[in-house]
Amino acid sequence: CALPILALAERKLAQYVIRAPQAGRVVKRLVEQGDLLTAGKAALTFAAAGPLELRVDADERYLARLRVGQPARVVADAFPDQPFDATVRELATQVDRERGILEVKLALPQPPAFLKHDMTVSTEIILGQRQQALLLPQETIRDSATEPWVWKVEQNQLQKTSVKIGLSSRGWVEIISGLKAGDWVVNSPLIFEAGQTIRPEPLSATKAN
């Protein structure tokens, strides 16, 4: 009887069919016609249809400050003049021990048309915001990782002053306590001594020729 043979052939043929789990599109083919496939070998990369998301790697040092819902700013390397907004949607359940990173998934409320699969992007997640914060350049803070302090100028003499620091971004550090607006501090890598006499001079703007 030919029916069992036909059924067997159809069952075997079905093993060579790859079906998508849902609507989407193939973004990369990893094999060519005639290649031999073995169990566990990837044949293609499939992108499911639905809202776009970004997956970025964050240093595990920021794990305690990362929260779902935080805003982010994204810049694609190929389109540096067209930044776009994102929001932290999900944090990975574990840290990659070998690389010391945590995968963060970002939701895109209005993804740009140029965004493509596997594009390289730079992401800045806003961990916190302050209104009218007191800021100092990062290099002004001494021993910032342990007990931060600065060289404060009091009556033309240097005083070692402890400070409490808060948020930091792009080379600037928030001063929570220890200084007030209008205080003079030393912004120099040189070695000084407490009580040393110094004459502060404000930086003046220069015109480019």
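Could you go through segment 152-163 and let me know if any residue there is of a type in the set (D, E, K, R), modelled with pLDDT of 90 or more, under 17 Å from the mean Cα position of the chain (by Cα) and surrounded by 12 or more Cβ atoms within 10 Å (Cβ to Cβ).
Within segment 152-163, the subset of a type in the set (D, E, K, R) is 152, 154, 160.
Next, only the ones that are modelled with pLDDT of 90 or more stay: 152, 160.
Those still in the list that are under 17 Å from the mean Cα position of the chain (by Cα) too: none.
No, segment 152-163 has no match at all.
For segment 58-90, the set of residues classified as touching a residue at least 24 places away in the same chain (Cβ under 8 Å), out of contact with any Gly (no Cβ under 8 Å at 6 or more places or on another chain), acidic (Asp, Glu) and open to solvent by less than 90 Å² (accessible area, probe 1.4 Å) consists of Asp85 only. Can Ile101 be described as more than 26 Å from Thr45 (Cβ to Cβ) and surrounded by 15 or more Cβ atoms within 10 Å (Cβ to Cβ)? Considered against the rule, which asks whether it is more than 26 Å from Thr45 (Cβ to Cβ) and surrounded by 15 or more Cβ atoms within 10 Å (Cβ to Cβ), Ile101 comes out as no. Part of a strand (DSSP E or B), open to solvent by less than 90 Å² (accessible area, probe 1.4 Å), without any contact (Cβ under 8 Å) to a residue 24 or more places away in the chain and among the polar types (S, T, N, Q): is that true of Thr38 in this structure? Considered against the rule, which asks whether it is part of a strand (DSSP E or B), open to solvent by less than 90 Å² (accessible area, probe 1.4 Å), without any contact (Cβ under 8 Å) to a residue 24 or more places away in the chain and among the polar types (S, T, N, Q), Thr38 comes out as no.
Might you let me know whether segment 46-55 holds any residue that is in a strand (DSSP E or B), at pLDDT 80 or above, in contact with an Asp or Glu (Cβ under 8 Å, 6 or more places away or on another chain) and under 26 Å from Met119 (Cβ atoms)?
Looking only at segment 46-55, we keep the residues that are in a strand (DSSP E or B), and these are 46-48, 53-55.
Imposing the further condition that a residue be at pLDDT 80 or above reduces the set to 53-55.
The next check asks that each one be in contact with an Asp or Glu (Cβ under 8 Å, 6 or more places away or on another chain); those that pass are 55.
Within this subset, residues satisfying the condition of being under 26 Å from Met119 (Cβ atoms) are 55.
Scanning segment 46-55 turns up at least one residue that is in a strand (DSSP E or B), at pLDDT 80 or above, in contact with an Asp or Glu (Cβ under 8 Å, 6 or more places away or on another chain) and under 26 Å from Met119 (Cβ atoms).
Tell me yes or no: at least one residue of segment 193-204 is out of contact with any strand residue (DSSP E or B) (no Cβ under 6 Å at 6 or more places or on another chain), surrounded by 16 or more Cβ atoms within 10 Å (Cβ to Cβ) and at pLDDT 80 or above. For segment 193-204, residues out of contact with any strand residue (DSSP E or B) (no Cβ under 6 Å at 6 or more places or on another chain), surrounded by 16 or more Cβ atoms within 10 Å (Cβ to Cβ) and at pLDDT 80 or above: absent.
A search for C-beta distances below 7 Å between a residue of segment 11-32 that is open to solvent by less than 90 Å² (accessible area, probe 1.4 Å) and any residue that is part of a loop (DSSP other than H, G, I, E, B), counting only pairs 6+ apart in sequence or on different chains, returns Ala23/Ala49; Gly24/Ala49; Val27/His117; Leu30/Ala42; Leu30/Ala43; Val31/Leu37; Val31/Ala43.
The values are calculated or read from the model by the stated rules, or taken from the named source; none is laboratory data. Predicted, not measured: the structure shown is a model, and the values here were computed from it. As a convention, Cβ positions derive from the backbone with ideal geometry for all residues, glycine included, and neighbour counts pool all protein chains shown. Note: accessible area is taken over every heavy atom of the protein model, side chains too, but ligands, DNA and RNA are not part of it. Shrake-Rupley method; radii C 1.70, N 1.55, O 1.52, S 1.80 Å.
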